[in-house]
Amino acid sequence: MPYTTGENLRRAMLLLKGGRQASAGVDPRIDAELDRMKDRKDERREADEAAMRSVLGRARVDSAAAKAKVRTARGGAEKRAARDEQREVDRGLRRVERAARRDGYRV
């Protein structure tokens, strides 16, 4: 997860301030604040990744349940309805998987 807009602005100000102080020695408070910002960003990333894992896990369970429903359905209209439901659930699963890959989650 990238830095927020406010964090990017604050980082830019701190880096400029640190660059001006480079010849005289950088204020350790600047480094400490940059480290805190990086830690917050990493915590957000981990929370988002855990949420994505949860959503993906639920989607996979739903897909497995839909497949079982197709296998246990009697013929005719019941089986067609079960297959339609399975297709819809599988589309949802693929949508979640694409979102996870697109956003770079390690799921």
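Values in this text are rule-based calculations from the coordinates and carry no lab data. From a predicted model like this one, the values you see are computed outputs, not experimental measurements. FYI the Cβ positions are ideal-geometry reconstructions off the backbone, even for glycines, and counts take in every protein chain you see.
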Original post:
If the cut-off is 13 Å between C-alpha atoms, which aspartates and glutamates fall inside it for residue 67, apart from same-chain ones fewer than 8 positions away?
Top reply: 84, 85, 88, 90
Original post:
What is the chain's relative contact order, in percent, from Cα pairs under 8 angstrom and six or more apart in sequence?
Top reply: 26 percent
**OP:** Give, rounded to the nearest 20 debye, the magnitude of the charge dipole that the chain has about its Cα centre when Lys and Arg contribute +1 at Cβ and Asp and Glu contribute -1 at Cβ.
**Re:** 680 debye
Original post:
For residue 50, what charge total do you get from the other residues with a beta carbon under 12 Å from its beta carbon, if Lys and Arg give +1 and Asp and Glu give -1?
Top reply: 0
Original post:
Suppose R0 equals 25 Å; then what is the FRET efficiency for residue 15 and residue 42 from their Cβ-Cβ distance, rounded to the nearest 0.05?
Top reply: 0.85
